[in-house]
Amino acid sequence: MAGTFTVAAKELRDQFGSKRFLILFAVVLLLSTLTAYQGVDFIRNNENAGFVNIFSGGQFGFSFIQIMVFFGPLLGLALGFDAINKERANGTLSILMGQPIYRDSVINGKFLAGAAALSTLAVGTIGILSGLAIPMLGFGPTLGEVTKILALALLTIVYLVFWLSLGILYSVLTKRTNTSIMASIATWLIFSIIISILASVVASSMVPLPGGGFRTGVHGGLGDLGELRMSPEFMEAMEKRSALQSNIEKISPTNLYEEAATDILGVAGGFMKGMGFQEFQRTLTLTEALAANWANIATLVVGLVICFSASYMKFLRSEIRPGD
Amino acid sequence: MVENVIETFGLTKRYGDFTAVDSLDMVVEEGEIYGFLGPNGAGKTTAILMLMGLSVPTTGTGVVAGYDIIESSREVRTVASILPEYSSLYGELTAAQNLDYIGKLNDLTKDVREERIGEMLEIVGMSEWADEKYEKFSRGMRQRVGIAAALIKQPKIVFLDEPTLGLDPVGTKEVRELIIRLNREQGLTVVLISHLLNEVQMTCDRVGIINNGKLIVMETLENLTKEMTGGEERNVEFMLSEVPPGLVGDLESIEGVKSVTQEKDQLFVYGGIESDYEVSKTITENGAVILLMRPKEYSLEEIFMKYYEEG
């Protein structure tokens with residue numbers, strides 16, 4: 001274990017000193033701070049809103065959760081994509097492995113350092129947001145809200161570390177950092193953007209909307225298009241389409257995280273039967289939220305374990321070749 | 001009695017159908033500088049990676065300082081160091097920080113690390129640049145820090161793979177002198193892989209020549225030279241004032257002379273030592289003056305090429 005901690009300490013120092021990490025941390029912190037102001041504004045104008053709304057940025061504004069959904073893969077992959085192949089490319093791997101340490105110390109140390117850096121980023125950002133919001137609101141979170149915030153922090157760490165594991169897997173599978181960075185960017189684009197587009201296209205083609213307009217009511221005059229209403233058939237089709245799209249999107253870890261995080265905070269939006277597209281606030285307890293999202297959370301954890309195990313096995317079996 | 005610090009038994013490494021190292025049986029004695037020679041792709045580096053436990057042999061095994069390279073590879077790395085070809089330390093760290101990191105990986109205490117970092121940098125002549133970043137160093141300075149990193153654990157054996165590669169003549173000489181000094185003063189066993197045969201000749205006590213994964217020969221340089229000349233027979237170079245007509249024929253008829261080769265005013269007479277007197281007498285009787293007479297010395301390159309071509 002001594003080798004693992006020595007490698008981890010060096011890697012952690014490298015991460016905290018790297019421009020890559022500092023830039024990403026600064027961007028996340030800046031955007032999160034802006035969403036916190038938005039959240040504070042929402043809380044002031046809604047007497048039912050609670051402290052945790054600073055993380056949801058109101059209800060449909062750009063929130064901490066959405067920042068993590070979008071930047072999370074980038075953060076995790078950025079810290080892992082060159083963990084091993086950079087050592088090979090720089091010729092430091094053979095020097096490192098030439099020391100009396102077990103081979104798994106290297107990959108374990110790198111994983112621990114990346115996980116620690118991402119945990120610092122997640123906890124640090126959440127802590128700073130809370131610290132900024134308390135004086136602005138004049139009150140802090142209740143005990144129940146504190147547990148929700150802690151659960152959110154933990155979920156965010158698991159989510160970020162999943163991406164780190166995937167990045168490390170790329171760094172083990174590829175010899176060149178150019179290849180692993182391209183794989184990482186492609187993964188980020190697929191899970192952050194392309195899957196949503198694909199799910200929308202598939203859902204639209206599989207569930208066509210019924211013909212005819214959905215505006216009904218009496219025209220009041222020129223320019224008055226009448227009251228906006230949706231026919232029951234239209235509503236039903238939209239609900240089916242939304243459910244299908246949501247199910248397809250579940251293959252993306254970003255969606256798993258978003259759903260779970262939103263439920264944990266007790267803020268959600270979507271189509272509710274008979275109400276159409278609505279913003280609504282659900283006040284699930286933490287236990288209810290965890291019960292409703294255990295599959296999402298378990299999938300993230302299993303994905304993390306699979307990616308890291310695959311990296312571990314591959315690295316342990318790989319040969320040190322001349323020039324590594 | 002000199003102990004064998006490295007011994008291999010049929011050490012073999014295959015990558016699919018390609019055999020990189022083929023049944024290698026090699027012995028390195030304690031305190032010697034052993035030159036490991038061979039053309040590119042001969043299997044030298046693969047062999048030392050196996051000896052360090054960084055690559056698993058397909059068949060066969062080896063013992064390094066008493067530790068089995070398969071069963072106790074981690075223990076091997078406590079007593080042996082490697083400076084691989086094209087290897088590097090961490091560019092973002094200073095020379096001292098790099099050595100400190102290597103020291104930590106070797107479980108050295110803080111006090112021991114501090115003491116040895118100063119000592120090792122002093123030995124390799126890098127004390128002045130202890131706090132400079134490694135990425136700023138020239139190739140020669142990097143090699144010297146690399147050697148310091150290999151020595152910080154105070155190993156019994158060090159494997160140096162092309163340590164002078166890419167160095168200018170001054171850097172090459174410095175590294176060569178450093179290796180000899182470490183061997184003489186600290187009793188360090190050195191396994192040196194190098195393409196620079198004259199460097200090996202100036203540095204090594206014994207050499208092993210490997211080709212296509214097979215060890216062709218393993219001997220002291222002195223014995224290799226003897227073998228080149230066929231034991232007691234040797235080539236003697238005579239530089240003459242002139243080569244009179246008929247002299248070559250007369251020399252060839254002397255008992256014990258195997259062959260005579262002429263290059264302008266030089267004659268190379270190959271034969272036994274007992275024929276030297278008759279040869280000299282015949283030359284002077286033919287009216288030529290002997291300006292120089294010396295046994296021909298074989299370079300390691302000639303020795304290497306002989307075994308390489310035979311192998």
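Points to keep in mind about this one:
- When A:304, A:256 are checked against the criterion of being buried (at least 20 other Cβ atoms within 10 Å of the Cβ), modelled with pLDDT of 85 or more, within 23 Å of residue A:202 (Cβ to Cβ) and hydrophobic (A, V, I, L, M, F, W, C), a single residue qualifies: A:256.
- Restricting the range B:57-91 to residues that are hydroxyl-bearing (Ser, Thr, Tyr) and at the interface with another protein chain (Cβ under 7 Å from one of its Cβ atoms), the residue that is farthest from the chain's Cα centre (by Cα): B:90
- Test result for residue A:288, within 14 Å of chain B (Cβ to nearest Cβ) and either part of a loop (DSSP other than H, G, I, E, B) or over 14 Å from residue A:111 (Cβ atoms) (or both): no
- Each residue in the range A:75-117 was checked for being among the aliphatic types (A, V, I, L, M) and out of contact with any Leu (no Cβ under 7 Å at 6 or more places or on another chain), and 7 of them qualify.
- Whichever residue in the range B:14-29 is over 15 Å from the mean Cα position of the chain (by Cα) and touching a residue at least 60 places away in the same chain (Cβ under 8 Å) and, among such residues, is surrounded by the fewest Cβ atoms within 10 Å (Cβ to Cβ): B:25
- Qualifying residue in the range B:121-132 (condition: assigned to a helix (DSSP H, G or I), assigned by TED's automatic domain parsing to the domain that holds residue B:49, touching a residue at least 24 places away in the same chain (Cβ under 8 Å) and under 25 Å from residue B:76 (Cβ atoms)): yes
- Residue within the range A:7-14 that is at pLDDT 85 or above, away from chain B (no Cβ under 14 Å) and surrounded by 19 or more Cβ atoms within 10 Å (Cβ to Cβ) present: no
- Of the residues making up the range A:108-160, those that are modelled with pLDDT under 95 and charged (D, E, K, R) are A:145, A:148.
- Test: residue in the range B:74-83 that is part of a helix (DSSP H, G or I), in the same structural domain as residue B:176 (by TED's automatic domain parsing) and closer than 24 Å to residue B:174 by Cβ: no
- Flag for residue B:274 being closer than 23 Å to residue B:226 by Cα, modelled with pLDDT under 90 and more than 35 Å from the chain's Cα centre (by Cα): no
- Residue in the range A:23-35 that is more than 14 Å from chain B (Cβ to nearest Cβ), in contact with a helix residue (DSSP H, G or I) (Cβ under 8 Å, 6 or more places away or on another chain) and more than 30 Å from residue A:110 (Cα to Cα) present: yes
- Single condition residue B:234 does not satisfy, out of (1) at pLDDT 85 or above; (2) of a type outside the set (Ser, Thr, Tyr); (3) over 26 Å from residue B:31 (Cβ atoms): (1)
The values are calculated or read from the model by the stated rules, or taken from the named source; none is laboratory data. Small disclaimer: the values here were computed from a predicted structure and weren't measured. Glycine gets a Cβ as well: all are built from the backbone with ideal geometry, and neighbour counts include every protein chain shown.
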